[in-house]
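In what follows, a structure is listed as structure tokens, so that the remarks can point back to it.
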Amino acid sequence: MIPKLKGYRIPWSIIHFCVYAYHRFSLSYRDIEELMLVRGLTVSYESIRQWCIKFAGHFTNILKKKEPVRADKWHLDEMHTRINGEKYVLWRAVDSNGYELDILVQKRKNTKAAMRFLKRLLGSHPEPRVIVTDKLRSYSKPIKNLCPNADHRRHKGLNNRVENAHQPTRRREKSMIKMKSVAYTQTMLSLMGTLRNSFSIDVGRYNNTADVRRDKLKLALNSWKNAASEILCA
């Protein structure tokens, strides 16, 4: 018997694959609808949208709990994005190996916003040894108060690691007409970053042989399927 979630006529294997495909690749809901049709499955793009809204947060929480402790050197940066026609600031932190630690969508780019983002980071990660930022002054007071032992380095040339991590978000913006909700933008980009950690950084696309990459991809896929099993059994 094919496992199904209560209240859903579509098998769970199809649902979690659509959620994975949307957040892993720069595809639209209609693109995934077409891919399903090629496989002989009729699924509307609206159903896919509802699945992504409902289950993205659950996948993010499960996968993040299983991530190992990251490096103690953090890179923090911010980028501007538009949500429903309004300008917002996306704060992002990665470690020295390129793993995304967290993101936070906020309206402002000031000390209060930086403080809120840093508190969020310290809620799930140990205090870092080094924090690298650009020359935005809003970082100074929060880092001094919340991470007094951290070495705060401010130089734009040192922060290419996190600036490269913005690229998938820019690609996603181009593939969408617009982002309409702050809450879902936060959830969507959080799951995108978590999947990027597993399927890009861990796999080592340019540093490993083809056999090693395939083995690491299988491990990443198994982690996703295990997370899907936990949601199904919950």
Exactly one of (1) among the β-branched types (Val, Ile, Thr); (2) within 20 Å of Leu136 (Cα to Cα); (3) surrounded by 19 or more Cβ atoms within 10 Å (Cβ to Cβ) is unmet by Ile62. Its number? (2)
From the list Thr209, Thr187, Thr194, which one is under 17 Å from Lys65 (Cα atoms), out of contact with any Lys or Arg (no Cβ under 7 Å at 6 or more places or on another chain) and of a type in the set (Ser, Thr, Tyr)? Thr187
Can you name the residue in region 42-59 that is among the aliphatic types (A, V, I, L, M) and open to solvent by less than 60 Å² (accessible area, probe 1.4 Å) and is also farthest from Met179 (Cα to Cα) among such residues? Val43
Would you confirm whether or not region 68-88 contains a residue that is open to solvent by 10 Å² or more (accessible area, probe 1.4 Å), more than 23 Å from Asn197 (Cβ to Cβ) and among the small types (Gly, Ala, Ser)? yes
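The values are calculated or read from the model by the stated rules, or taken from the named source; none is laboratory data. This one's a predicted model, so the numbers in the text were calculated from it and none came from an experiment. All Cβ positions, even for glycine, are placed from backbone atoms using ideal geometry, and neighbour counts span all protein chains on display. Keep in mind that these areas ignore ligands, DNA and RNA; they rest on the heavy atoms of the full protein, side chains included. Shrake-Rupley method; radii C 1.70, N 1.55, O 1.52, S 1.80 Å.
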